[in-house]
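Written out below as structure tokens is the structure these notes cover.
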Amino acid sequence: MNSETAARAPAPPGHGAEPAGTGAGPAGSGAEPVGTGAGPAGSGAEPAGTGAGPAGSGAELADLYSEHWLALVRLAVLLVGDRESAEDVVQDVFSRLHGKRPDALSLAYVRACVLNGSRSVLRRRGVAARAARPGRSDEPVDSAETAALLGESRQEMLSALSRLPRRQREVLVLRYYLDLPDADIARMTRVRESTVRSTASRALDRLQRELGGQA
């Protein structure tokens, strides 16, 4: 067979083709952390591979998970008051984001999801507390894991934060822990910038009283 005939001959099956599943972000290709502990079917997460996003979105989500998981858990701890609940919030967020388009996978969007997930935890906690002990609020008990996560010196601050109204706690955490400008806080909490500023002022005054002027 001369060189011209060989050039026209079809390649054998599989010759030169990429092996199935390489580089396309299939299940198990580095995105395992976001799939563990996923909620039941119908929980709002779009299944991977059903047109939810182009190839590679799983890898981007895995990168967000590995780079920001600890900081997101710390954020949730400041909002809900204990590490176990915080880890559940963050894990649920990543499970629901699995399969989303890459343009939805920004850190700001994930933080907003953590904020909303923390609100849900606090709502459920409040309902349970009122049903079990009418007239009393449910304050989480600090654990050794929470102390290790935030540092012993911050435990008094965490306890004081947990006694603030939800919106005041959110504004202080977003402003001073994440160092977000008021415009971003307003978008995340869906209030006006003027409300963010007035809420922060009231929260700081109350925190100063809670901590004896050491906030």
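The values are calculated or read from the model by the stated rules, or taken from the named source; none is laboratory data. Keep in mind it's a predicted model, so treat the numbers as computed, not measured. Cβ placement follows ideal geometry from the backbone for every residue including glycine, while neighbour counts extend to all protein chains displayed. Calculation scope for accessible area: heavy atoms of the full protein, side chains included, ligands and nucleic acids excluded. Shrake-Rupley method; radii C 1.70, N 1.55, O 1.52, S 1.80 Å.
Of all residues in segment 91-124, exactly one satisfies the criterion of being of a type in the set (S, T, N, Q) and not in a helix (DSSP H, G or I), namely Ser106. Scanning segment 178-200 for residues that are part of a helix (DSSP H, G or I) and either in contact with a strand residue (DSSP E or B) (Cβ under 9 Å, 6 or more places away or on another chain) or open to solvent by 60 Å² or more (accessible area, probe 1.4 Å) (or both) yields a count of 4. Between Leu61, Leu107, the distinction of being open to solvent by 40 Å² or more (accessible area, probe 1.4 Å) and modelled with pLDDT of 75 or more belongs to Leu107 only.
If only residues of segment 138-161 that are modelled with pLDDT of 65 or more and touching a Ser or Thr at 6+ places or on another chain (Cβ under 9 Å) are counted, the one that is surrounded by the most Cβ atoms within 10 Å (Cβ to Cβ) is Leu158. For beta carbons closer than 6 Å, sequence separation of 6+ or different chains, a first residue in segment 152-172 that is over 17 Å from Arg192 (Cβ atoms) and a second that is of a type in the set (Lys, Arg) and modelled with pLDDT under 95, the qualifying pairs are Leu161/Arg169.
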